[in-house]
Amino acid sequence: VQLVESGGGLVQAGGSLRLSCAASGSTCTITAMGWYRQAPGMQRELVATITSGGGSTDYADSVKGRFTISRDNEKNTMYLQMNSLKPEDTAVYYCNLRDLCLRAFTWREDDYWGQGTQVTVSS
């Protein structure tokens, strides 16, 4: 499985960006998909998650009401619409896919990560 993010960049506070995460390769059963971010000197944190069917989403308190996660299963692409951006949103954003497979009679769950895309919000 390969994940490729795009859409990051430099934006002024109050602006918007839309991140995309394109997935390729074969999967077994996707148990979770989401966006994470990591600011310099900080631990990677969860931003938003979405179920495989796209019917249920969840957000970190810091982005609720400003960010929207979605996915297009036909295009194998996940999105993160970020509005009302703040300087504290500055980070490298990563998409994540968790895949559950039966391998050699054992269930195994693997995490896949994209390479990350930089989002910088200026004040």
Specify which of the listed residues (SER123, SER84, SER52) is over 20 Å from ARG18 (Cβ atoms), open to solvent by 30 Å² or more (accessible area, probe 1.4 Å) and touching a Ser or Thr at 6+ places or on another chain (Cβ under 8 Å). SER52
So ARG71 passes all but one of these: (1) open to solvent by 50 Å² or more (accessible area, probe 1.4 Å); (2) touching a residue at least 24 places away in the same chain (Cβ under 8 Å); (3) over 15 Å from THR31 (Cα atoms). Which condition number does it fail? (3)
Within segment 13-29, how many residues turn out to be outside any loop (DSSP other than H, G, I, E, B), open to solvent by less than 70 Å² (accessible area, probe 1.4 Å) and either at pLDDT 95 or above or closer than 17 Å to ILE50 by Cα (or both)? 6
From the residues in segment 32-49 that are assigned to a strand (DSSP E or B) and at pLDDT below 95, which one is farthest from GLY15 (Cα to Cα)? ALA32
The condition from (1) part of a strand (DSSP E or B); (2) surrounded by 14 or more Cβ atoms within 10 Å (Cβ to Cβ); (3) touching a residue at least 60 places away in the same chain (Cβ under 8 Å) that LEU10 misses is numbered (2)
Can you go through ALA104, ALA32 and tell me which one is of a type in the set (Gly, Ala, Ser) and open to solvent by 40 Å² or more (accessible area, probe 1.4 Å)? ALA104
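The values are calculated or read from the model by the stated rules, or taken from the named source; none is laboratory data. The structure presented is a predicted model; accordingly, all values stated were derived computationally and were not measured. Please note: Cβ atoms are built from the backbone with ideal geometry, for glycine as well, and neighbour counts cover all protein chains shown. Ligands, DNA and RNA are stripped out before the accessible areas are found, and what is left, the full protein with its side chains, is counted by its heavy atoms. Shrake-Rupley method; radii C 1.70, N 1.55, O 1.52, S 1.80 Å.
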